[in-house]
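These notes concern the structure reproduced below.
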Amino acid sequence: MKKAISACILCLGMIASAWADSGETEKDRIKDSTNVLKDILEAPDKGVPMSVLDGTKCAIIIPSVKKAAFIVGASYGRGVMSCRTGEDFKGPWSGPIMMATESGSVGFQIGGSGTDFVILVLNNDGARAVMKSKVKLGADASIAAGPVGRTAEASTTGLMQAQMLSYSRSQGVFAGVSLSGASLRVDGDANKNLYGEKVTPEQIMKGEVPVPEVAKPLIEELTKAASKSAKEKQDEK
């Protein structure tokens, strides 16, 4: 059964890889990710709490994760990550780092669906983990369903200790959701397509490659949200 899951994920990955050429697929991915992030951040009542955004080190947006299943279920998604630069992850937001996620499940499932995911990395260890290697969420890095609502607080013990918080949006419904069991990794081939050469997350973080023009709206959204969060936090004091 595990071999069947792996084969299903591999097939989805091969299909996705076939779409990429000359970086155009990656540019579309960044545009989609920007739209998802903007919609979630601007949600009037059910968006990500400002208290959570204020401490975010990295934001990972994975638009329209596809799930295909018959007997064996598997999902495969590709998205983008931006992290705050500097050794302590407190600097300006970085250029885009292409990311991929996979997960598998067993059960009688028929049909397909697309769901948008946003993962917020809350501490330095979590940020370093996702840039170094493939990470299994819930095992290699702790993750919890994020609190929802502008005035909600990430105050429970589980949320405060989690390295990451995750959210989903499906058919317009936005909610905190656990992604424990899924894997997350840097998409090296997609980074090469986007930047025109093989680059590492560290090179992108250090600004050693130019930020693609298509990514500037994404960085602007993150910068605006972080500034608003910091201002609201200051006003509360």
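Numbers below:
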| item | result |
| --- | --- |
| Amide H within-cut-off set for Ala144, under 5 Å, with H built and near neighbours excluded | Met164, Leu165, Ser166 |
| Residues Lys198 and Asp125, FRET efficiency given R0 of 30 Å [Cβ-Cβ distance, rounded to 0.05] | 0.70 |
| Whole-Hz ³J(HN,Hα) from phi, Karplus 6.51 cos²θ - 1.76 cosθ + 1.60, for the stretch 30-39, glycine and proline x | 5, 4, 4, 5, 4, 5, 4, 4, 4, 4 |
| Using θ = phi - 60° and Karplus 6.51 cos²θ - 1.76 cosθ + 1.60, couplings along the stretch 55-61 (whole Hz; Gly, Pro as x) | x, 6, 8, 9, 10, 10, 10 |
| Subset of Lys38/Lys206; Lys136/Lys224; Lys31/Lys228 violating a 28 Å alpha-carbon distance limit | Lys136/Lys224 |
| For the stretch 132-137, Karplus couplings with θ = phi - 60° (6.51, -1.76, 1.60), whole Hz, Gly/Pro x | 8, 7, 5, 10, 8, 5 |
| Inter-probe distance in nm under a simple model that places probes 7 Å from Cα toward Cβ, at Ala139 and Thr223 | 3.9 |
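Laboratory data are not the source of any read-out in this text; all were calculated from the coordinates shown. Predicted, not measured: the structure shown is a model, and the values here were computed from it. For neighbour counting, all protein chains shown are included, and Cβ atoms are generated from backbone atoms with ideal geometry for every residue, glycine included.
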